[in-house]
1. Over 30 Å from residue 35 (Cα atoms), charged (D, E, K, R) and touching a residue at least 12 places away in the same chain (Cβ under 8 Å): is that true of residue 213 in this structure?
2. Just checking, does segment 123-140 include any residue being under 30 Å from residue 35 (Cα atoms), among the aliphatic types (A, V, I, L, M) and surrounded by fewer than 23 Cβ atoms within 10 Å (Cβ to Cβ)?
3. Would you tally the residues in segment 268-283 being out of contact with any helix residue (DSSP H, G or I) (no Cβ under 8 Å at 6 or more places or on another chain), hydroxyl-bearing (Ser, Thr, Tyr) and crowded, with 24+ Cβ neighbours inside 10 Å?
4. Search segment 294-308 for residues being more than 24 Å from the chain's Cα centre (by Cα) and part of a helix (DSSP H, G or I), and hand back the single one that is surrounded by the most Cβ atoms within 10 Å (Cβ to Cβ).
5. Quick check on segment 325-332. Is at least one of its residues modelled with pLDDT of 95 or more, of a type in the set (D, E, K, R) and within 23 Å of residue 167 (Cα to Cα)?
6. Sort out which residues of segment 91-116 are outside any loop (DSSP other than H, G, I, E, B) and surrounded by fewer than 24 Cβ atoms within 10 Å (Cβ to Cβ), and write them in order of number.
7. Here's a check for you: in segment 44-90, which residue that is outside any helix (DSSP H, G or I), out of contact with any helix residue (DSSP H, G or I) (no Cβ under 7 Å at 6 or more places or on another chain) and among the charged types (D, E, K, R) is nearest to residue 117 (Cα to Cα)?
8. Looking at (1) touching a Ser or Thr at 6+ places or on another chain (Cβ under 9 Å); (2) assigned to a helix (DSSP H, G or I); (3) touching a residue at least 40 places away in the same chain (Cβ under 8 Å); (4) not aromatic (Phe, Trp, Tyr), which one does residue 190 not meet, given that it meets all the others?
Amino acid sequence: MQTGITGFLSMVAQGCTNCPHPVEQELAPLTKRIKIGVIGDPHVDIRGEDGWRLGASSVSGLTTTVAVLNEKEPDLVLVPGDLLADGEQENLDRAKAVLDRLHCPYLVVSGNHDYIPADRSRLRRGFNYLSSAEFVGAFTGHGYDDTGKLYWSQKMSAAGLRVIGLDGCLREEKIGWGGVLPQQQLAFLAHELQQATRRCIVMVHHSLLHWGDDGNSQKGRWYSLDNSADVRRILEKYRHKVAMVISGHRHIGLRFQCRNGVPYFVVPSINTYPLRYVMLTLDAEGIGWRTFPVSVAEGCHEKARLGLLASSSFAGLDEQQKKKLLLFYENSAQRTGFHPW
């Protein structure tokens, strides 16, 4: 029988539900009111066209978002994946050049569009394509370290927080956009939370919850990790240490849900309707949030709305169904909010 930390991690990685519940240790207090900007799914494409994703407007959208965030003076910016159109080196160079203009630290995790596609028919002439290792290497110091691992943990001393970055992308999958968090990362998450002495933010591209009716179709289920329940069990075990979980990928207006003591956010894309970025505030009382429209050229918001409605995924909708679809994507009721600890 395995004993010690190795055995514990093995049990957690296998989804053990009988592990002893940890004693709730007192966490280091937040040293100040913390402001965090979140840039979701920018999908930078220097040769893109505007459709459902605003490829032609992607660089300007990211550029103006970075400029506005600098004016708001956040302590940290998080980018939960899909920085690129489809794993292009040239798009990475542009995205990183813009993000490097931020006046504060920023942290990145990979999304399913941040490496060379397994389906080579999606490759475009005139671009060079990245391996996952090259993406990680480009963002060393922004969460990733020189070990080359796809996951990481960073202590933000000035803020009194720890941020844990995870990656469940399926790099050899040619169909769909789903994900699975590997056993090694399940064990890593459990270990980091067990050892944590400060509140932790967990960032992963894929959601850990279904939103709307996502659970009723295969395409909808691809927005969340296949083993989300295993990840949630670990988070719930250490829920007193989890400040929040932040995901992107779903391309809808901000959603928030606190489930079994764990706060979950899915953030909007700055590149698709409704074109928003997020500001979070953390203090001794809890988490506040507000979403803001991306400052892009006149007509881009309407172009994004029409691009969504014209998507093949929604072909054949009548006018009433289109209105319901837009309300779902906008989710105006949660554009601002507050959740106490």
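The values are calculated or read from the model by the stated rules, or taken from the named source; none is laboratory data. Because the structure is predicted, anything quoted here is derived from the model rather than measured. Quick reminder, even Gly has a Cβ in these numbers, built from the backbone with ideal geometry, and neighbours come from all protein chains shown.
1. The answer is no for residue 213.
2. yes
3. Residues in segment 268-283 being out of contact with any helix residue (DSSP H, G or I) (no Cβ under 8 Å at 6 or more places or on another chain), hydroxyl-bearing (Ser, Thr, Tyr) and crowded, with 24+ Cβ neighbours inside 10 Å: 1 in total.
4. Within segment 294-308, the match that is surrounded by the most Cβ atoms within 10 Å (Cβ to Cβ) is 303.
5. No - not one qualifying residue is present in segment 325-332.
6. 92, 93, 94, 96, 97, 98, 99, 106, 107
7. 88
8. For residue 190, the exception is condition (1).
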